[in-house]
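Encoded as structure tokens, the structure appears first; notes follow it.
Computed from the coordinates by the stated procedures, all read-outs in this text should not be read as laboratory data. Everything numeric in this text was worked out from a predicted model, so none of it was measured. Note that we place each Cβ from the backbone using ideal geometry, even for glycine, and neighbour counts take in every protein chain shown.
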Amino acid sequence: MPTKFQNVDEYIATFPAKTKGYLKEMRTTIKNLAPAAEEVISYNMPAFKLNGMLVWYAGFKEHIGFYPKPKAIELFKKELSEYKMSKGAIQFPLSQPLPLTLITKLVKLRIKEDAAAAAAKTKTKK
């Protein structure tokens, strides 16, 4: 049975040094952009939650998976074109540095989308 992680530190500790470094870099980047976001384990991988879920990320043998929701990927499709991606996931290879400028843009977009969704929810409750 696979490990069910209780926290992000426990998750990151299971990876080889190089992957750990990338995961820590991803974590720090997101934390700096969304300091009010709560770090959680969701789908057994690290994630950040503000009003709703912002982004997820995960370590793999050859890449870091980043999951900023499909709309964000669609909006940045051109800038993401050099990376393997699907509707909801982007793969950043461990053979290249993390594209922190691009990750920053995606996280900032998700923060705006999250705030707009929270505001819309508040309006409908009134």
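Taking 0.36 nm per residue of separation and subtracting the current Cα-Cα distance, fully stretching the chain between LYS49 and GLN96 would add 14.2 nm. Taking the Cα centre of the chain as origin and assigning +1 to Lys and Arg Cβ atoms and -1 to Asp and Glu Cβ atoms, the resulting dipole is close to 520 debye. Cβ under 14 Å from LYS77's Cβ, LYS77 left aside: what net charge do those residues give with Lys, Arg +1 and Asp, Glu -1? Once all neighbours under 14 Å are counted, the net charge is +3.
Per-residue 3J(HN,Hα) values for region 60-65, derived from phi via the Karplus relation 6.51 cos²θ - 1.76 cosθ + 1.60 with θ = phi - 60°, read 9, 4, 10, 7, 10, x Hz in sequence order (x marks Gly and Pro). Principal-axis analysis of the Cα atoms of the chain puts helix 100-125 at an angle of about 30° to the longest axis. Each 10 Å bin from zero up to the one holding the largest Cα-Cα distance in the chain carries the following percent of pairs: 12, 45, 33, 9, 2, 0. For the chain, find the longest principal axis of its Cα atoms and tell me its angle to the long axis of helix 17-33, 0 to 90°, nearest 10. Helix 17-33 sits roughly 20 degrees off the main axis of the chain. State which entries of LYS24/LYS77; LYS31/LYS121; LYS71/LYS105 exceed 21 angstrom in Cα-Cα distance in the structure shown. Exceeds cut-off: LYS24/LYS77; LYS31/LYS121. When the Cα positions of ALA34, LEU75, PHE92 are compared along the charge dipole of the chain, LEU75 comes out farthest toward the positive end, with charges on each C-beta of Lys, Arg, Asp and Glu.
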